[in-house]
Amino acid sequence: MKTRVKTLTSLESVLRAWELYAAGEFERIAANPEYHDSPSEDLRDLCQLALLETSGYMDESEGALFAQLMRGMRDFRQGQMRAAAETLGSWLLDKEYHTSHVLDRFLTAAFAAELYRLAYDVLCKFVRIPAFRERVAGDLIRAAHHAGLHREAVQLYRDFANHLPDMNAHQKAALSMIHTGHAREGEKLLLRLFERVTGKRYAPPSEAEFDELRKRYSGIEKQVQAKTRPTADDLMDVGLSHLFHGRYDAALHIFESLRRRAA
């Protein structure tokens, strides 16, 4: 006697399968005959999305609900980052099916393709969702900075500064401060980042001491260039010289190299 497979078609079943997908339970979806044999095109498409994660391959979409998501995830798998970012970004803006998995794929693609304004628009939606707020705040500041939205980046930094473990977001906020005419505030933030790498104190408590540091580091580059083997402290001094003389990109380049050494 044949065992009949129970078929699932309701919206409740789609939502239950989506919860499994959002939780990363791809094997449970792909192995469940109630999903891949369902009369529901949407459930079969969700099964295909799970198969993409477990096997790297999926069939074409059959329904309308998840077709866009399937295209975007396939593009990502194939390394088509611009197409993936555009498709997944549109999905995340238009749909209310939220999952960190899809958002992370989108952000990877968007930053790789330098689609910063799209990343900013998507993240503005997700930063308003409590469950995502702290997770996306740093990426939102980075996206705003790279998109040239410097005032927005500075305001976001002031809103979320206490919830940013990623130093990259602090860097971008500092540069956006400088872009918006708050050079001293941005410089002081960069100094605090230098301190976190070296454990040494550079940030001055007063404007007079800040100016004194600027003078002290004015000729440091030639001294370091004369050395055969500059130390990490020497490189830090050169980075500070760049910082105090407004060469912020050069300062950050050295800062990044020192941070990699310290990691």
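What follows draws every value from the coordinates through simple rules; no lab data is involved. This one's a predicted model, so the numbers in the text were calculated from it and none came from an experiment. So basically every Cβ, Gly included, is an ideal-geometry build from the backbone, and we count neighbours across all protein chains shown.
Distance between the modelled labels on Ser55 and Ala250, one decimal in nanometres: 5.7 nm (7 Å Cα→Cβ projection). Coordinate range of the alpha-carbon atoms in the chain per principal axis, descending: 89, 38, 28 Å. Can you count the Lys pairs in the chain with C-alpha separation below 30 Å, eight or more apart or on different chains? Within the chain, the lysine pair count is 16. Report summary: the helix-based calculation at 222 nm, which adds -39500 (n - 2.57) for every DSSP H run with n ≥ 4 and divides by the residues of the chain, gives -21500 deg cm²/dmol.
By other beta-carbon atoms within 10 Å, ranking Lys227, Lys95 with the fewest at the front produces Lys227, Lys95.
Report, please, the projected area of region 8-112 averaged over directions, based on the convex hull of its C-alpha atoms, in nm². Spell out each step's value before the answer.
Values: hull surface 23.1 nm².
About 5.8 nm², averaged over all directions.
Dimensions of region 61-214 from C-alpha coordinates, computed as largest minus smallest value along each principal axis and given longest first, are 69, 29, 28 Å. Against the main long axis of the alpha-carbon atoms of the chain, helix 167-179 sits at an angle near 60°.
Compared with the dominant Cα axis of the chain, that is its longest principal axis, helix 41-55 is turned about 50°. Can you tell me the orientation of helix 81-94 relative to the chain, as the angle in degrees between its alpha-carbon axis and the longest Cα principal axis, to the nearest 10? For 81-94 against the chain, the angle is about 70 degrees. Along the chain, counting only GluC sites (Glu not before Pro) with a DSSP assignment other than H, G, I, E or B and at most 10 other Cβ atoms inside a 10 Å radius, the longest segment between sites is 97-263.
Residue order for Arg196, Arg214, Arg105, fewest other beta carbons within 10 angstrom first, comes to Arg196, Arg214, Arg105.
With contacts taken as Cα pairs under 8 Å at a separation of at least 6 residues, the chain carries a relative contact order of 8 percent. Region 236-256 and region 20-61 have Cα centres separated by 50 Å.
Counting beta carbons within 10 Å around each of Thr87, Thr54, Thr228 and listing the fewest first gives the order Thr228, Thr54, Thr87.
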